[in-house]
Amino acid sequence: MKAKITVTPKKAVLDPQGKTVQNALEHMGFKGIGEVHVGKYLEIELPGADKEAWRKQIDEACHKLLSNPVIEDYSFEIE
Amino acid sequence: MNFAVLQFPASNCDQDAVHVVKNVMGHSARLVWHKENSLAGFDAVIVPGGFSYGDYLRTGAIARFSPIMQAVQAFAANGGPVLGICNGFQILCEAGLLPGALIRNRSLQFRCEHIFLKTAARDSRFTHKIPEGKLLRLPIAHGEGCYFADEATLEKLKTDRRILWQYVNAEGEMTEQSNPNGALWNIAGICNERRNVAGLMPHPERASEPILGCEDGRLIFESWLTWVENKTSEN
């Protein structure tokens, strides 16, 4: 199994990377796009098949290390 | 006075901090490797600048789980004085010893230049020797120095007078242009509620001797050292 984790900047946090990517896309001719947010994607390989047990641990890992709750949100799926 | 200067993989201002404490201020200092787990015998802790763990994941995110940081938590909880400089400030925020976070500079550029600081609260251990109205000219060198905290935290920092330093222009005015990284409220440094833990992005240890062209950083060390000395003599 794998945990697929997405970490994104919170809405209230300044995201200059997202803004810069958005500007670049607009300059390239991608008209009418909305705000861009640049985050992180992580994959963690997990042995076994006990999804629920891993869910708890991955949630804790996201909260403690993989994201910073002050500036980021996270979501994940295990498959 | 005995200072611990923490050393993580890729700390790079650790020797400068030791140098200032020992050779400029005349106190003793020792490097403490991040895998050590005791601060016994130390009166104060400096978490120095650098790029601990290559800034992987987020600045300071991995360093905060080093064994020595458990000792720093206990040291700070006992009222021990801790100063984080640049990456040290980022580590202290990640560790929850200071509120908020330091994120990518608004310009997306690494900024390496001299800036001016206004001391916003002189009633702290880290600022009380800084003369009223004196602007500090200090170097900065960071890519992630944009201070962020949610509105409630920011309000609390203001009412508790815990914003110690703010970026200003040469006239002492807090302007958009004098803010090198987009930090909220031009914040360059703050302290915790108990006022024994502080962090700042600029580098006082790189500006404490005439040969370096600027001595303003010395005022921060003098403030702190006087307090540490007084505290030790009280005990």
Expressed as a whole-number percentage, the relative contact order of chain B with C-alpha contacts under 8 angstrom and at least six residues apart is 20
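Give me the dipole magnitude in Debye, nearest 20, for the range A:2-78 about the Cα centre, with unit charges on the beta carbon: positive for Lys and Arg, negative for Asp and Glu. List each step's numbers first, then the result.
On the way: 11 positive and 12 negative charges, 26 e Å.
Dipole about the Cα centre, nearest 20: 120 debye.
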Ranked from fewest to most other Cβ atoms within 10 Å of their own Cβ, B:L108, B:L57 fall in the order B:L108, B:L57
Rounded to the nearest 10, the angle in degrees between the Cα long axis of helix A:16-27 and the longest principal axis of the Cα atoms of chain A comes to 50
When the charge dipole of the protein assembly as shown is computed with +1 on Lys and Arg Cβ and -1 on Asp and Glu Cβ about the Cα centre, the Cα farthest towards its positive end, among B:V45, B:T59, B:F221, belongs to B:F221
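What size of dipole, in debye to the nearest 20, comes out for the range B:140-195 about its Cα centre when the only charges are +1 on Lys and Arg C-beta atoms and -1 on Asp and Glu C-beta atoms? All intermediate terms of the calculation are to be shown ahead of the outcome.
Details: 6 positive and 9 negative charges, 70 e Å.
Magnitude of the dipole: close to 340 debye.
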Checked against a 28 Å limit on the C-alpha separation, the offending pairs among B:K22/B:K129; A:K11/A:K64; A:K56/B:K158; B:K134/B:K156; B:K35/B:K118 are A:K56/B:K158; B:K35/B:K118
Which residues qualify? For B:V5, with a placed amide H closer than 5 Å and at least 5 residues away or on another chain, they are B:R30, B:L31, B:V32, B:I46
In chain A, the chymotrypsin sites (Phe, Trp or Tyr not before Pro) that sit in a DSSP loop and have at most 11 other Cβ atoms within 10 Å of their own Cβ are A:F30
In terms of the alpha carbon gyration tensor, root eigenvalues a ≥ b ≥ c, rounded if a/c is under 1.5 and otherwise prolate when a/b exceeds b/c or oblate, the range B:2-234 is rounded
antiparallel share of DSSP beta bridges within chain B, to nearest 5, in %, is 60
Taking a ≥ b ≥ c as the square roots of the Cα gyration tensor eigenvalues, with a/c under 1.5 meaning rounded and otherwise prolate when a/b beats b/c or oblate if not, the protein assembly as shown comes out oblate
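Stick to Cα atoms and the Kirkwood definition of Rh, then tell me Rg/Rh for the range A:1-67.
Working: Rg = 16.4 Å, Rh = 14.3 Å.
My calculation of the ratio gives 1.15.
Here, each number is a calculation from the coordinates, and none is a lab measurement. Predicted model, so just to flag it, every value in this text is computed and none were measured. Methodologically, a virtual Cβ is constructed for each residue, glycine included, from the backbone with ideal geometry; neighbour enumeration extends over all protein chains shown.
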